[in-house]
Amino acid sequence: MADKLIIAGTPAEAVASKNAQNIYMAGGTEVMRLGSLVSADSYVSIRRIPEMTGIETDGDTIRAGAACTFQQLADCELVPGYIKESLRFMASRTRRNMATIGGNIAIRRDDSFLIPTLIAASARVSLLGQNGSCEVSVKDYVFDKDKYEGLLITAVCFPARNILVRSYRSANTAQSHARLTASLSLAGGRYTACAAVKNSGIYMLDDLAAELSGRRMSEDEIVTFVKNKADIHLDDDLLYGSADYRRYLTGISFALMYEELNADNNGKGGCAK
Ligand SMILES: Cc1cc2nc3c(=O)[nH]c(=O)nc-3n(C[C@H](O)[C@H](O)[C@H](O)COP(=O)(O)OP(=O)(O)OC[C@H]3O[C@@H](n4cnc5c(N)ncnc54)[C@H](O)[C@@H]3O)c2cc1C
């Protein structure tokens, strides 16, 4: 149980209340989880900050407050289908009613529901700290953890159109943790590939994306390419499968998403050749 709970009314109030001893709490589904590594004795609740719960668009980009819940986003007609697909990876509606998009990004889990999709979509986060505000890509936020530690995510921006994104999740059951969550996007003739691999990490597959952007690849070529990637660290895992199986699964997931994206793109694919 928390010793101290501060309920912030504005982003500025939240930032002013943040210190080395407390942590932000949005939906609380991670910080209150038994065994969570991010529990604390004191919390700054950011759940009821009006500026952080709205969803708006200028037609090209959606700007969602970081305290928007998964369900709120899934129910919003402005939110594109590729985001809704990954929001529904969280199978429990009860949890979707509480968990927030900002909390899912901030926790940077290797079975993250949203991070691969948001990175593939070149999504950005607005950040606020005691030294001011800035906007960075979700990719930079995730991979440069120390730089952004302790900052408040106030909003998340992602494209409303002019991008094709496919995401894939593999788990033992809909409610189980994912062994793999992967996403591939196509925008302006370029692919972007990102994968969250349980008990391993979150990876950018920039080399695969560059190959896909340059030439048409077969399913076998993609699977072999991913299987040979030495930078994805995998061990055999009793719950999630052997390293070989998970390498194959990662490869075939990208191969299938590639085919789907090419079909979405009227069969043209993203490559010039
Ligand atoms: C049974 C169970 C299974 C789960 N399985 C998964 C899973 O498979 N994949 C997955 O990704 N998650 C999983 N989770 C974790 C959690 O439900 C999600 O990650 C959720 O999206 C976290 O959002 P939240 O709003 O509840 O975050 P909180 O619990 O409120 O906070 C999580 C972390 O993010 C920080 N934070 C929250 N909001 C912000 C913000 N706006 N700015 C800066 N920091 C912030 C908090 O300080 C804390 O460190 C699971 C949780 C439970 C209970």
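Things worth noting here:
- In Hz, Karplus ³J(HN,Hα) per residue of the stretch 55-66 (6.51, -1.76, 1.60; θ = phi - 60°; x = Gly, Pro): 10, 9, 8, 9, x, 9, 10, 9, 10, 10, x, 5
- Whole-Å distance, taken between Cα centres, linking the stretch 209-231 and the stretch 52-81: 33
- Mean separation of Cα pairs under 8 Å and 6 or more residues apart, divided by the residue count, gives the stretch 4-159 a relative contact order of 23 percent.
- Normalised by the number of residues in the chain, the average gap of Cα pairs under 8 Å and 6 or more apart makes the relative contact order 15 percent.
- Long pairs among 84/227; 145/198; 4/139; 198/229, criterion Cα-Cα beyond 24 Å: 84/227; 4/139
- When the charge dipole of the chain is built from unit charges on Cβ atoms (+1 for Lys and Arg, -1 for Asp and Glu) and taken about the Cα centre, the candidate among 35, 98, 148 whose Cα reaches farthest toward its positive end is 98.
- Positive-end residue, the stretch 4-159 charge dipole about Cα centroid, Cβ charges, pick of 64, 24, 137: 24
- Pairs of alpha carbons in the stretch 164-264 whose separation is greater than 24 Å (percent): 18
- Among beta bridges identified by DSSP and lying wholly in the chain, the antiparallel ones come to about 85 percent.
- The Rg/Rh ratio for the chain is 0.98, where Rg is the radius of gyration of the alpha carbons and Rh is the Kirkwood radius.
- Equivalent ellipsoid, the stretch 119-179 (semi-axes from 5 times Cα gyration tensor eigenvalues, Å): 27, 17, 10
- In this entry, the stretch 168-216 is assigned a mean projected area of 4.0 nm², taken as a quarter of its C-alpha convex hull surface.
- Unit charges on C-beta of K, R, D, E only; dipole of the chain, Debye: 340
- Restricting the trypsin sites (Lys or Arg not before Pro) of the stretch 144-214 to loop positions (DSSP other than H, G, I, E, B) with no more than 12 neighbouring Cβ atoms within 10 Å leaves 161.
- Positive minus negative residues near residue 171 (Lys, Arg vs Asp, Glu; Cβ under 15 Å): +3
- Residue of 20, 91, 178 that the Gaussian network model of the chain assigns the largest fluctuation, springs spanning Cα pairs under 10 Å: 20
Only the coordinates and a few stated rules stand behind these numbers; no lab work does. As the structure is a prediction and not an experimental result, all values here were calculated from the model. Counting neighbours? That spans all protein chains shown, and the Cβs are built from the backbone with ideal geometry, glycine included.
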